[in-house]
Amino acid sequence: MASKGSADNKWEHILRGSPPDIPEQSPKLEQVEDIETSLGDCGRVRPKGCKALDVDRRGDHPVVAFQYHFLSVKAEFMPDCFWVLFAGEDHWKLLVKGHRLRPLFDAISEHRLRLITRIDRDMGHDDGKKPVVTSLEIFYVERKKED
């Protein structure tokens with residue numbers, strides 16, 4: 001004798017291989033806003049991490065993307081600049097200059113910075129709290145030849 005409770009419906013879906021009817025939910029506004037966090041005009045952070053960093057140097061330069069799985073083990077931070085190395089088939093050094101850069105450096109180390117952009121200090125972007133990037137340079141690094 002089979003019972004007629006809600007548990008039977010659950011087992012019926014499992015045994016027949018069809019999922020129970022689940023109403024489609026649209027994301028709440030709070031969830032959408034949580035996807036990216038702003039670090040002012042010079043950076044966008046994804047709290048749960050991302051796979052690549054876009055470098056927007058502005059002007060006549062194209063946006064360059066670096067895959068985080070190529071982020072090297074060495075980086076260096078100083079109060080007015082930092083650099084990170086992306087080492088794959090070719091090696092590339094990203095040099096960032098400005099001030100209040102520590103949040104950007106930390107976000108790169110944690111694979112959470114999605115976009116870094118150079119801004120012009122003369123345009124009134126400096127609110128005294130957020131990082132300010134005045135220069136973004138990308139250098140090709142010659143690999144050392146092994147003996």
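What to note about this one:
- When peptides 62-72, 39-49 are sorted by average Cβ neighbour count within 10 Å, with the highest value leading, the order is 39-49, 62-72.
- Listed residue pairs exceeding 21 Å between alpha carbons, taken from Lys74/Lys129; Lys93/Lys130; Lys93/Lys144; Lys74/Lys144; Lys74/Lys145; Lys51/Lys93: Lys74/Lys129; Lys93/Lys130
Coordinate-derived values only; no laboratory data. Not measured: the values here are computed from a predicted model. Using ideal geometry, Cβ is built from the backbone for each residue, glycine included, and neighbour counts are taken over all protein chains shown.
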